Amino acid sequence: MAAGAADAVATVAEVGSAQQFEEHLRLKAKSLLVVHFWAPWAPQCVQMNDVMAELAKEHPQVSFVKLEAEAVPEISEKYEISSVPTFLFFKNSQKIDRLDGAHAPELTKKVQRHASSSSFPPSANEYLKEDLNLRLKKLIHAAPCMLFMKGTPQEPRCGFSKQMVEILHKHDIQFSSFDIFSDEEVRQGLKTYSNWPTYPQLYVSGELIGGLDIIKELEASQELDTICPKAPKLEERLKVLTNKASVMLFMKGNKQEAKCGFSKQILEILNSTSVEFETFDILEDEEVRQGLKVYSNWPTYPQLYVKGELVGGLDIVKELKENGELLPILRGEN
């Protein structure tokens, strides 16, 4: 065994059940607990485990845990883990922060910040503030119309956010959203950045429009439709997407990096056929992720389409391969 792996065993605890996870939360309540939701099939997760091992050496007062996301689904579902690697930060048994993706510098920064609580020297505070402002600027420009809300459009977690989503949907306004519960730094920082103390907050082209009351006023004066970009009808959009290429795979992740075991397996099968295909990452678009389930009457991912017609998921593709029928279907011969 390599030295790095041995260190990881010594310094990063491994949790294999929901009961063990809850025990860790309870026992480590007084300290910062960092939990890595990972998968052994993802090389980026293995790399981040090594990063965790190094951080554990540097921060002995912090507890580091790795949890195989697909092996403990009840915990992954509870904390809305839809891709790996994902890191959650806990203090006093409460989730205080989250990091999605294999970003070693960002993970290091968050561990340092939360481990030190708020005891930063002024120079570090200024650096963090500048860094946060850049991040907030990127977020509010992430889409032409951005909604910062509590929860998601599918599951709003406050009445004001729910009303805002209903108004935007009623007017067929195309928007992306950010769940401020998923990132405490953004939640607090955006209030100062925009000088607006409450949520939800709606931005168009990076400019703050306002909260629910202002959106209601704009709706009443019929100005809302002129300010916000209109969305194409979802069904039309899905029809275009499923026909974007002769063979289209809707998956978690993309050709270069699958973000779940099922998507990884179907990629391997398709790659073995040498047939050209395109992919769509459903984790990048919640509207497509939910809408396609209804459009195709197929509740899970991945989903494979040929010439706009649904072929099926991983099990069906496996059967077709075993029967020798997959290649003719992919080539459009059946």
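The values are calculated or read from the model by the stated rules, or taken from the named source; none is laboratory data. This structure is a prediction, so every number in the text was calculated from the model and none was measured. SASA here: full protein model, heavy atoms, side chains in, ligands and nucleic acids out. Shrake-Rupley method; radii C 1.70, N 1.55, O 1.52, S 1.80 Å.
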Residues meeting the amide H criterion for residue 259 (H placed from the backbone, H to H distance under 5 Å, 5 or more places apart or on another chain) are 252, 253, 254
Given a 1.4 Å probe, the accessible area of the chain per residue, as a whole number of Å², is 52 Å²
Helix-only [θ] at 222 nm, the chain, -39500 (n - 2.57) per DSSP H run of 4+, per residue, nearest 500, equals -14000 deg cm²/dmol
Here the relative contact order (percent) of the stretch 235-291, from C-alpha pairs under 8 Å and at least 6 apart, is 42 percent
Scoring the chain by relative contact order with C-alpha pairs under 8 Å, at least six apart, yields a percentage of 12 percent
Once phi for every residue in the stretch 136-142 is put through the Karplus expression 6.51 cos²θ - 1.76 cosθ + 1.60 (θ = phi - 60°), the whole-Hz ³J(HN,Hα) values, with Gly and Pro written as x, are 5, 4, 4, 5, 6, 9, 5
Connecting every pair of Cα atoms under 10 Å apart in the chain and solving the GNM, the largest mean-square fluctuation among 300, 279, 86 falls on 300
Here the gain from full extension of residue 268 to residue 216, 0.36 nm per residue of separation minus their alpha-carbon distance, amounts to 13.8 nm
Violations at 30 Å Cα threshold for listed pairs 109/259; 191/255; 78/293 -> 191/255
Straight-line reach check, residue 239, cutoff 14 Å on alpha carbons, 8 or more apart in-chain or any other chain, hits among aspartates and glutamates -> 287, 309
At the level of C-alpha centres, the distance separating the stretch 267-332 and the stretch 192-256, in angstrom, is 27 Å
For the chain, percent of DSSP beta bridges that are antiparallel (nearest 5) comes out at 60 percent
With all protein chains present, the chain has a carbon and sulfur share of its accessible area (1.4 Å probe) in percent of 50 percent
With 0.36 nm assigned to each residue of separation and the Cα-Cα distance removed, residue 309 to residue 17 gains 101.1 nm
Note: residue 205 to residue 71 extended length (0.36 nm per residue) minus current alpha-carbon separation gives 44.1 nm
Sorted by chain and then number, the residues having a modelled amide H within less than 5 Å of the amide H of residue 178, at least 5 places away or on another chain, are 147, 148, 149
The ³J(HN,Hα) series, computed from each phi in the stretch 54-68 with the Karplus coefficients 6.51, -1.76 and 1.60 at θ = phi - 60°, rounded to the nearest Hz and given as x for glycine or proline, is 5, 5, 5, 5, 6, 10, x, 7, 9, 9, 10, 9, 10, 9, 6
With the 8 Å Cα cutoff and a minimum separation of six or more residues, the stretch 195-273 has a relative contact order in percent of 12 percent
Scalar couplings 3J(HN,Hα) for the stretch 299-305 by Karplus 6.51 cos²θ - 1.76 cosθ + 1.60 (θ = phi - 60°), nearest whole Hz, x for Gly and Pro, are x, 10, 10, x, 10, 10, 10
If amide H atoms are modeled at 1.01 Å from N in the peptide plane, then the residues at a separation of 5 or more from residue 157, or on another chain, having amide H under 5 Å from its own are 150, 151, 152
